[in-house]
Structure formats: C-alpha cells, structure tokens
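One structure below.
The values are calculated or read from the model by the stated rules, or taken from the named source; none is laboratory data. Everything numeric here is computed off the predicted structure, so don't read it as measured data. All Cβ positions, even for glycine, are placed from backbone atoms using ideal geometry, and neighbour counts span all protein chains on display. Note: areas computed on protein heavy atoms with side chains; ligands, DNA, RNA excluded. Shrake-Rupley method; radii C 1.70, N 1.55, O 1.52, S 1.80 Å.
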Amino acid sequence: MSPNRDCSSGQLNNNNNNNKMRSDFKLSLPERALSAAGAAFISAIIVNPLDVAKTRLQAQAAGVPYQNLYPTCHFESKTMLADTRCVPSCYRSVLGEPPCNPQASQYKGTLDVFNKVINQEGFARLWRGTGASLALAVPTVGIYMPCYDIFRNYMEEYTAKNAPSMTPYVPLVAGSVARSLACITCYPVELARTRMQAFKDGKQGTKLPGVLKTLVGVYVDTGTKTLHFSFSNFRLLWTGLGAQLSRDVPFSAVCWATLEPIRRGLLRMSGDESNAATIIGANFAAGFVAGSLAGATTCPLDVAKTRRQIEKDRVRALTMTTRQTLVEIWRDGGIKGLFTGVGPRVARAGPSVGIVVSFYEVVKYVLYNRRHRLREN
C-alpha cells in the first residue's frame with residue numbers, strides 16, 4: 001500500500017469523523033434548548049441533596065448557626081455574621097439562651113448532614129431549593145449547552161482551516177464563553193438557591209420562602225424592614241457574581257477540555273456502530289470523570305462563592321472580592337477550609353455532568369435520526 005493511499009485513507013476517515021461530529025449543525029436552537037432543559041431537570045432533582053449538604057458544610061464553616069438559630073461551636077469565623085459567631089465558652093445560658101450543644105448541631109460530614117437534616121427538619125428538606133435549582137438549571141443549561149455546541153462547532157471549523165494547532169483548545173474556550181453567558185443571565189436565581197439551602201429557617205413542617213420571596217429579602221433593609229429600590233440594591237441581586245464566574249469559568253474549561261477527548265475516544269472505539277446506548281455510555285463516562293475532576297480542582301472557588309452569597313452585611317456584600325474572601329478562608333481554616341464540602345461537591349459534580357451531557361447528546365441523536373428518517377420517507 002503506497003504512502004499516498006495511506007494519507008488519502010486517513011484524510012477520508014478524518015473527514016467522515018468531522019462530518020459525524022458536525023451532524024448536530026442541522027438541529028435548531030429550540031431543539032438543542034429542549035434537550036438541555038430535559039437534562040437539567042433530571043440532574044437537578046437527583047443531585048439536590050448533595051448540593052444541600054455541600055452548601056450547609058460551607059455555610060457552617062462561615063459561621064451560619066443551625067440549632068435554634070444559634071451558632072454552633074465549630075470555629076470562630078472572622079469573615080461574616082459577626083453578631084452570630086459562636087462563643088467557644090458556651091456561657092450563653094447566663095443570658096437565658098439555650099447552651100451550645102455541638103454534638104447535636106455541628107455537621108461533621110456529608111452523611112451527618114443528611115442524618116441531622118432528616119431528623120431535625122424532615123426528609124423533604126434535603127430537596128430544599130429544588131424549585132430554585134430547576135428555575136436555575138433549566139434556563140442556564142438551556143443557554144449553556146446549545147451555546148457551547150454552536151461555539152465549539154464554528155470555532156473548530158475555523159481553526160481547522162486557519163490555525164490547526166489551536167483546535168485542541170477550542171472546547172476550553174467555547175465552554176468558558178458559554179458558561180459566562182449562562183451565569184450572568186441567570187445569576188439572581190443562583191443567589192436565591194444558595195441562600196435557601198444555606199439557612200435553616202422555620203420549624204419542621206412550616207412553609208419556607210420560595211425563590212421570589214428570597215430575592216425580595218435581598219432588597220429588604222434589615223434595620224427598617226422596608227424595600228429601597230435603588231441601583232446599589234439592584235446590584236445586591238448579583239452579589240458574588242465575580243466569585244461565581246471565577247468558579248464556573250475554570251470549571252467549564254477543565255470539564256470540557258477533559259470531557260471532549262475522552263468521549264471522542266470512546267465513540268471512536270465504537271466506530272460506525274454508534275447507537276443510543278453507546279452515546280449514553282460514552283458521554284456519561286466522560287462527563288463523570290470530567291465533572292469530578294473539575295469539581296475537585298475548583299472547590300476553593302466554590303467555597304468563596306458560597307460565603308459571598310450568604311453574606312448578610314449589605315456593605316460587605318458589595319465590597320467583598322473573591323481574592324479577599326479566599327485569603328480570609330485560608331486564614332480561618334487553612335487548606336481544610338478551602339476544601340470544605342469537597343466530598344459532596346465531587347459526588348454531585350460527576351453524576352450531574354454525566355447525566356446532563358449524556359441525556360443532552362442522546363436526545364439530539366434521537367431528534368436527528370427522527371428527522372433523517374422523515375426525510376427519507
């Protein structure tokens with residue numbers, strides 16, 4: 001076999017692979033958004049308890065109280081909620097307040113969060129913030145995944161013609177840009193979800209405030225209990241956006257840079273025999289690995305994001321920076337503080353990415369094949 005024939009054969013295979021990868025060009029934006037929304041819906045419901053556990057552990061480290069709205073004897077936080085910090089000596093009974101009971105109120109880990117939330121607040125509280133998660137995940141993923149597809153496809157086509165050496169970096173750039181657009185658009189709902197999950201408000205069986213009431217609470221002046229509509233108060237709805245972007249953009253960059261090579265390799269192994277089962281398997285496996293890795297590496301930024309979003313001091317909320325927050329977390333808790341909640345975060349991120357990507361891709365595959373069959377008939 002001549003070298004020229006080898007080259008021609010290799011080029012033909014590459015062209016076939018490229019055409020196969022670009023088949024989703026023919027799907028409309030609403031079809032992409034529908035696929036992404038369905039994926040987000042399923043993922044948000046399944047992994048919400050892990051999100052609650054992660055947020056509670058991070059909020060506890062920041063000084064948020066959980067027993068009778070009094071703080072626990074965890075460690076003294078200098079970063080926020082100064083009026084509710086724990087008094088290590090636990091002499092609160094002198095003031096007629098219930099004494100600290102660290103064993104009953106302090107969270108020791110993910111399973112302990114599950115146990116205490118179920119016993120003290122009820123099983124349903126593990127899905128606290130699910131409404132906000134759905135209200136956030138459906139539009140966010142509906143923007144994120146289709147935009148990523150479109151950006152990746154066009155950028156790969158452009159770099160393949162003009163700068164082939166840059167093609168491997170396309171998923172990283174496309175994921176970062178798409179995630180930034182989705183975050184900025186839907187951020188107030190993310191703020192509401194974090195606050196709903198972080199604070200233990202009300203007794204078991206009582207109705208808790210929803211997304212709208214939580215967002216209104218951001219506007220309320222805690223001193224006068226009145227609403228003040230102003231530009232500065234409007235900015236409060238985007239409190240911690242910088243921390244959110246500094247977490248999500250690197251997360252997306254690491255995730256897609258890891259996910260694309262893995263899933264393309266797995267799909268390449270299946271050859272031309274790709275079907276719904278192989279697409280689900282390849283995408284879930286690639287998404288699980290990529291999501292777990294990205295979740296672990298960006299955990300310190302997630303801790304900073306949580307602290308900024310649950311800050312109740314309005315002045316600090318508007319002046320805090322991500323860098324300042326990370327320094328304070330390091331000062332208070334060291335490396336352990338920076339990776340607070342890493343267990344539930346990784347346990348959530350891996351399956352979540354796997355579910356979203358595999359569901360999204362298999363729905364696209366089904367829609368594309370259905371359209372193709374209708375055209376043939």
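All conditions in (1) modelled with pLDDT of 90 or more; (2) of a type outside the set (K, R); (3) over 20 Å from A40 (Cβ atoms) hold for I280, with the sole exception of (3).
The set of residues in the range 104-138 being closer than 28 Å to C183 by Cβ and of a type in the set (V, I, T) consists of T110, V113, V117, T130, V138. Residues being charged (D, E, K, R), surrounded by fewer than 19 Cβ atoms within 10 Å (Cβ to Cβ), assigned to a helix (DSSP H, G or I) and at pLDDT below 85 are entirely absent from the range 32-51. Applying a threshold of 6 Å to beta carbon distances and a minimum spacing of six or more residues, or different chains, the list of pairs starting in the range 29-53 at a residue that is over 17 Å from A349 (Cα atoms) and ending at one that is open to solvent by less than 20 Å² (accessible area, probe 1.4 Å) and of a type in the set (G, A, S) reads A33/G142; A37/G142. Inspect the range 283-295 for any residue being part of a helix (DSSP H, G or I) and over 19 Å from P261 (Cα atoms) and give the result as yes or no. The answer is no; no qualifying residue exists.
Residues that are surrounded by fewer than 14 Cβ atoms within 10 Å (Cβ to Cβ) and without any contact (Cβ under 8 Å) to a residue 24 or more places away in the chain: find the helices (runs of 4 or more DSSP H) completely inside the range 297-377 holding 1 or more of those. Spell out the reasoning first.
Values: elements: 299-309, 314-319, 322-338, 342-376.
Once the helices (runs of 4 or more DSSP H) in the range 297-377 are filtered for at least 1 residues that are surrounded by fewer than 14 Cβ atoms within 10 Å (Cβ to Cβ) and without any contact (Cβ under 8 Å) to a residue 24 or more places away in the chain, what remains is 314-319, 322-338, 342-376.
Being modelled with pLDDT of 80 or more, among the β-branched types (V, I, T) and buried (at least 21 other Cβ atoms within 10 Å of the Cβ) narrows it down to one of T140, T194, T185, T159, so name that one. First the steps, then the outcome.
Values: T194 fails: modelled with pLDDT of 80 or more; T185 fails: buried (at least 21 other Cβ atoms within 10 Å of the Cβ); T159 fails: buried (at least 21 other Cβ atoms within 10 Å of the Cβ).
Selected residue: T140, the only one of T140, T194, T185, T159 that is modelled with pLDDT of 80 or more, among the β-branched types (V, I, T) and buried (at least 21 other Cβ atoms within 10 Å of the Cβ).
Exactly one residue out of V356, V327 is within 25 Å of A285 (Cβ to Cβ) and out of contact with any Gly (no Cβ under 6 Å at 6 or more places or on another chain), and it is V356.
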